[in-house]
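Colleague: Here it is, the structure in full.
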Protein chains: 2
Amino acid sequence: MRIGELSAATGASARSLRYYEEQGLLSSERGTGGQRHYAPPATERVELIRTLLAAGLSTATIRDVLPCVADEAIRTPWLAARLGEELRRVEKQMAELRRTRDILAGLVDRYAVSEQERR
Amino acid sequence: MRIGELSAATGASARSLRYYEEQGLLSSERGTGGQRHYAPPATERVELIRTLLAAGLSTATIRDVLPCVADEAIRTPWLAARLGEELRRVEKQMAELRRTRDILAGLVDRYAVSEQERR
DNA sequence: CTAAAACTTGACACTGATGTCAGGGTCAAG
DNA sequence: CTTGACCCTGACATCAGTGTCAAGTTTTAG
């Protein structure tokens, strides 16, 4: 699979795929001419990366959490802490989002009421 | 209340407060020397602004949603749509965050298991 | 009155993921 | 071999909120 196909398959631009690689999130084999080739599982990897990005994790964090390279054993204990930390961050963010949703929902309600009063 | 006090009261930097004003989110009275003065309700307003910002609304959106100026009547019908739109956006974001949380929680679990197996 | 603390505007820097452009190389079909 | 589609690297642009610095003014305390 070349970069254009992976891009089409995942919705990530070629630019982004190269960036993910530059950041150590994604790897590729290079053909004779220096072009990138991807194995099929790359598709799911990219999708996971995008999910985590969309949830506000930075590429640096994703790099830590999804070790591309195989030195997993070394940092495993630290990884656990990191994961827990991120989990807490995400849950905190969810709580904030809930607050905002309630505020917005309140505004919507208030509007609906005044709209009704108008009749 | 001057800008330093409002800053201390809300945790927003003076720089940010000026920026909010520049963006039409916050208003102030100017004294003789041109310095900003705020009425007490400004504190809550700033807190609301920060909540919405933290939830990912842009200043432009906040400006629409919290009309500073009193032309509320004119855009009310449009405002309802805007609010609903933002509400949907926030709910979608929450769903994404839930997915991420589950992924992270899954990773944490997996780690915990392999940690246990190690003993 | 004077010095320090607080304020003013304006400008530039940063972050992080992505877009976009330039100039050049590679690959596959005719 | 040639052409057009695809790919390469490198660089600069973007957005939005905030930090920070500079040079100057205002307020407040002594």
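Colleague: Using only Cα atoms and rounding to the nearest 10 degrees, what angle (0 to 90) does helix B:72-118 make with the longest principal axis of chain B?
Modeller: In chain B, helix B:72-118 runs at an angle near 30 degrees to the longest axis.
Colleague: Oh, and also: What are the label-to-label distances in nm, one decimal and shortest first, from B:GLN35 to the same spot in the other copies, with labels 7 Å along Cα to Cβ?
Modeller: 6.8
Colleague: Rounded to the nearest 10 degrees, what's the angle between the helix A:42-54 long axis and the longest principal axis of chain A, both from Cα atoms, 0 to 90?
Modeller: Taking the Cα atoms of chain A, the angle to A:42-54 is about 40 degrees.
Colleague: Here is a further query. How many nanometers, to one decimal and shortest first, lie between the label point of A:ARG2 and those of its other copies, if labels sit 7 Å from Cα toward Cβ?
Modeller: Once sorted, the set of distances for A:ARG2 reads 6.6 nm.
Colleague: Considering the Cα trace of the protein assembly as shown, what is its radius of gyration and what is Dmax, both in angstroms?
Modeller: 23.6, 73
Colleague: For an R0 of 22 angstrom, estimate the FRET efficiency from the Cβ-Cβ distance between A:GLU44 and A:ALA80 and round to the nearest 0.05.
Modeller: 0.40
Colleague: Please report, in debye to the nearest 20, how large the charge dipole of chain B is about its Cα centre when each Lys and Arg carries +1 at its beta carbon and each Asp and Glu carries -1 there.
Modeller: Once rounded to the nearest 20, the dipole reads 280 debye.
Colleague: Can you give me the orientation-averaged projected area of the convex hull built on the Cα atoms of chain B, in nm²?
Modeller: Taking a quarter of the hull surface, the average projection is 10.8 nm².
Colleague: Also, I was wondering about something else. For B:GLU85, place a label point 7 Å from Cα along the Cα-to-Cβ direction in every copy; what are the distances to the other copies, in nm, shortest first?
Modeller: So the label point of B:GLU85 gives 3.8 nm to the other copies.
Colleague: Moving to a separate point now. For chain B, calculate the relative contact order in percent as a whole number, restricting contacts to Cα pairs under 8 Å that are 6 or more residues apart.
Modeller: It rounds to 20 percent for chain B.
Colleague: Separate question: For the stretch A:37-68, list residues with backbone N below 18 Å from a point placed 7 Å from the Cα of B:GLU96 toward its Cβ?
Modeller: A:45-63
Each value in this text was obtained by applying a stated rule to the coordinates, not by laboratory testing. For clarity, every value in this text was computed on a predicted model and none was experimentally measured. Cβ coordinates were reconstructed from backbone atoms using ideal geometry, including for glycine residues, and neighbour counts include every protein chain displayed.
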